[in-house]
Amino acid sequence: MPSLTDPELKVELVTRGLHFPTSMEFLTKGDILVLEKNTGNIYRVINGNATGPIFHLNVAQRDERGLLGLAVLKSDDSDKNNAFVFIYYTRCVKVEGNKTSQDCGNYVYRYKFDSQNSKFTDPKLILRLPGLPGPAHNGGALELDKDKNLYVTMGDLQPTKFNRNQSSFDTRIQNFINGTTPDGRAGILRVTQDGKPVDNGILGDKHPLNLYYAYGIRNSFGIDFDPLTGNLWDTENGPHNGDEINLVKPGFNSGWEKVQGVWKLNQTREKDEIFNQTSKDVIFVNFNGNGKYSNPEFVWDIPVGPTTLIFFDSDKLGKNYENDMFVGSAKNELFHFKLSANRSSLSLSGNLTDLVLNENDNSSEIIFGENFGTITDLEIGPDGFLYVLSGLRADDEGSIYRIIPSRVD
């Protein structure tokens, strides 16, 4: 079982036996929708019992492709049995006449969900996004703001060990001055419930530039809004170092592929010297001044693979954790961060005041839990407790855990 550093809290198992789950959303108390990355299956977990699959999508599954993201918009009217469900997934089809080439894309669809009958109906394509070269860095995190606009994380789709870099996919959105036209990759996109741009866009008024809320992002598995300020925050994965937590203001440029973490990058995307914003040898694409680079709020020098991020808008674990930030990782750990008084930065002490966790630094201040496997999602249940979705990479078995006080009245 996973363990927690706070003896006043404990972990309990909700359900297990899921196959590499990636995302979950509560419908009501004790009623959870869960995605499985590689099978393309959606399960419904009711009071700890997994039923289904209640829906299936044909998805690509190589590396980081798959059934990746989920968001639920509950109905405001009297029809409480229906909700809009947004789903993000990768699909690849063979190109006719070619045995090796594939046409791959990432898609966001909106479905109407009939909770009484567990039926997905009325599919509507919200976004069609690129999927090449891949198969890594597809992002896939979905989040709704208070105005019910949808935010979508999208990685740069650049390859890992599976294939080589192809310069034709180097766009201006990745800070290549002479790059190709932005195509939806390497950023956080913001659209209405129908997939339309919000207002006139931030970086520009032409599609798809008008969809970008932030850019210069290598890959992100987690975004959430601070419940007190409304600010958006994200996690970002570095190559071999430079995992980040960022405060994401409109037009935010995270710096990839010129900067990652606090370091400039060389031609092979390895860290070079410390980046100074006054330096004139690093030139960012700013889209006529509409985009602006900002330093990360926290950096791991040794990668932990930060995944999902959530603000704990509840007092059920005690006032000490209310409105704090929790961050999952691919390295078994669950992190906890307190924010500064103005909530524009993280509140850190000791050897973390430089905002960089180095190999010899003491990380105990930010470690909240261990032995969770790969944490893929965090949610606050209707009961006010923290739920953890985890997949064990050895056999891809996934579980849902609930964190509660050790002594429950």
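The values are calculated or read from the model by the stated rules, or taken from the named source; none is laboratory data. Remember, predicted model here, so these are calculated numbers, not experimental data. When we count neighbours, we look across all protein chains shown, and the Cβ atoms used for this are built from the backbone with ideal geometry, even at glycine. Side chains included, ligands, DNA and RNA excluded: accessible areas come from the protein's heavy atoms. Shrake-Rupley method; radii C 1.70, N 1.55, O 1.52, S 1.80 Å.
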Of all residues in region 360-394 being of a type in the set (A, V, I, L, M) and in contact with a Gly (Cβ under 8 Å, 6 or more places away or on another chain), the one that is most open to solvent (accessible area, probe 1.4 Å) = L392
Which numbered condition M1 misses (of (1) closer than 19 Å to G373 by Cα; (2) open to solvent by less than 20 Å² (accessible area, probe 1.4 Å)) = (2)
ask   = Is it the case that region 61-81 has a residue that's small (G, A, S), free of Cβ contacts under 8 Å to residues at least 40 places away in the same chain and closer than 25 Å to N149 by Cβ?
value = yes
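Matching residues to (1) basic (K, R); (2) open to solvent by less than 20 Å² (accessible area, probe 1.4 Å):
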{"site": "F311", "(1), (2)": "no, yes"}
{"site": "R343", "(1), (2)": "yes, no"}
{"site": "L346", "(1), (2)": "no, yes"}
{"site": "N358", "(1), (2)": "no, no"}
query = Pick from V248, V282, V299: which is within 20 Å of L211 (Cβ to Cβ) and open to solvent by less than 40 Å² (accessible area, probe 1.4 Å)?
reply = V248
ask   = Restricting to region 22-38, what's the tally of residues that are surrounded by fewer than 20 Cβ atoms within 10 Å (Cβ to Cβ) and farther than 17 Å from Y387 by Cα?
value = 1
ask   = Mind checking whether some residue in region 175-185 is touching a residue at least 40 places away in the same chain (Cβ under 8 Å) and part of a strand (DSSP E or B)?
value = no
request  = Name the single residue, out of those in region 352-392 being in a loop (DSSP other than H, G, I, E, B) and free of Cβ contacts under 8 Å to residues at least 40 places away in the same chain, that is nearest to K29 (Cα to Cα).
outcome  = I366
task = Go through (1) open to solvent by 20 Å² or more (accessible area, probe 1.4 Å); (2) modelled with pLDDT under 95; (3) more than 23 Å from L142 (Cα to Cα) and name the single condition P239 misses.
result = (3)
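Residue-wise test of (1) under 23 Å from D147 (Cβ atoms); (2) touching a helix residue (DSSP H, G or I) at 6+ places or on another chain (Cβ under 7 Å).
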| residue | (1), (2) |
| --- | --- |
| D205 | yes, no |
| G216 | no, yes |
| N231 | yes, no |
| H240 | no, no |
| G261 | no, no |
| P306 | no, no |
| D313 | yes, no |
remark   = Picked from region 291-324 (must be hydroxyl-bearing (S, T, Y) and in a strand (DSSP E or B)), the residue farthest from the chain's Cα centre (by Cα) is Y293
ask   = Which of the residues that make up region 200-212 are outside any helix (DSSP H, G or I) and modelled with pLDDT of 95 or more?
value = G201, I202, L203, G204, D205, K206, H207, P208, Y212
